[in-house]
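J.: Can you read through this structure? Questions will come right after.
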Amino acid sequence: MDKRILKSENMIKSAMIRLTQEKEPDRITVKELCRIAGVNRSTFYARYGYMDVLIEAILAECLEEVCTNQLPIYELEMEDAGIHHEAIRSYVDSFLKNQTLMRFCMCDNGEKYISRILAIQVRISMQKVRNPVKYFPAYFQNTGVLHMLIEWIRSERPISEETLVEIIHQFSKAMYYQY
């Protein structure tokens, strides 16, 4: 890919991430984004076309990072009794450290973004599941873990992170014994 295209894409993404820290993502306009990024509106439309496409790209990059930094949460057979605690802890920590993901989960219209986050994470993780019999339990487990994590974050963490890890572990254990 042309270096200029990459540079303008990175400038647009960086500007969007910066703006989401200051205001709700739904309130950011293309005009404002382009001004902050230092690019023309025509450049934005040529690269992304719509804000939704840009947001999808940003969320996908964030989730790639979270999924890369963790042990494979999609594996049902990590240990005899569900997902290993360290895999869960690594996933939770990686997610919590990603301020962009956190911002999209916690914004006013967060449900819309959570649906996208779920879809992207499932797409990323399920590419690694080769056994068709394990696909559906892994899919269910993947979405379940992410929903539990997001609900914990949105409810202002009423239990400790260690307790959350244990709950997720117990959930995965139940899934493991069913398949």
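J.: What are the residues in the stretch 142-156 that are of a type outside the set (D, E, K, R) and at pLDDT 80 or above, if any?
T.: Result: 143, 144, 145, 146, 147, 148, 149, 150, 152, 153, 155.
J.: Just name the residue that is nearest to the chain's Cα centre (by Cα) out of those in the stretch 1-50 that are within 22 Å of residue 108 (Cα to Cα) and hydroxyl-bearing (Ser, Thr, Tyr).
T.: 20
J.: What pairs come up if the first residue lies in the stretch 49-66 and is of a type in the set (D, E, K, R), the second is part of a helix (DSSP H, G or I), and their beta carbons are under 7 Å apart, counting only those six or more places apart or on different chains?
T.: Final answer for the pair search is 56/116; 64/124.
J.: What pairs come out if I take residues in the stretch 106-129 that are open to solvent by 10 Å² or more (accessible area, probe 1.4 Å) and pair them with residues that are small (Gly, Ala, Ser) and at pLDDT below 85 whose C-beta lies under 8 Å away, six or more apart or interchain?
T.: That search, which allows pairs on different chains as well, returns 126/138; 129/138.
The values are calculated or read from the model by the stated rules, or taken from the named source; none is laboratory data. Quantities reported herein were computed from a predicted structural model and do not represent experimental measurements. Backbone-built Cβ (ideal geometry, glycine too); neighbour counts: all protein chains shown. Heavy atoms of the whole protein, side chains included, go into the accessibility calculation; ligands, DNA and RNA do not. Shrake-Rupley method; radii C 1.70, N 1.55, O 1.52, S 1.80 Å.
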